[in-house]
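Presented below is the structure to which this report refers.
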Amino acid sequence: MAAGRLLNWLVRDTTRGARRDVSRVKRNAVNIVTHPIRTLFNITFMTVLFGVLYTVFYDSGSVAAMDAAEGNSLAMALAILPPTPILVLLALAMAILVPITMLFRGVGDGNRYHR
């Protein structure tokens, strides 16, 4: 009787973290599906962020294009973005990676403070 309780306690304690992680992934999946505007905003933001980083590090002609814009804010914003094929590749990559990272957000660090 006592051995059965001890075994039940050990098994329950070891599977609690896995159940917590599975429930967190389910909750994140529901949040991704039920909040599509937030998901699209995150994808768009990350695409623009990586596009600007690409332009800053690999395209030195964008600085000259910004100087040529002379105060036209739309032309300056378009000068910061990378060429269209690179922007499309970044958008496709972010459309895959951002939902995956949103799905696994908060998983695996639940046991950090329970030791």
> How high is the FRET efficiency from residue 37 to residue 74, r the C-beta distance, R0 22 Å, rounded to 0.05?
Replying inline: 0.35
> Hey, what do the phi angles of the stretch 42-51 turn into as Karplus ³J(HN,Hα) couplings, whole Hz, using 6.51/-1.76/1.60 and θ = phi - 60°, x for Gly and Pro?
Replying inline: 5, 5, 5, 4, 5, 5, 5, 4, 5, x
> With every protein chain left in place, what is the accessible area of residue 84 in Å² (1.4 Å probe, nearest 10)?
Replying inline: 100
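The values are calculated or read from the model by the stated rules, or taken from the named source; none is laboratory data. From a predicted model like this one, the values you see are computed outputs, not experimental measurements. Positions of Cβ are backbone-derived with ideal geometry, glycine not excepted, and every protein chain shown enters the neighbour counts. Remember, those area values only see protein heavy atoms, side chains included, never the ligands or the DNA or RNA. Shrake-Rupley method; radii C 1.70, N 1.55, O 1.52, S 1.80 Å.
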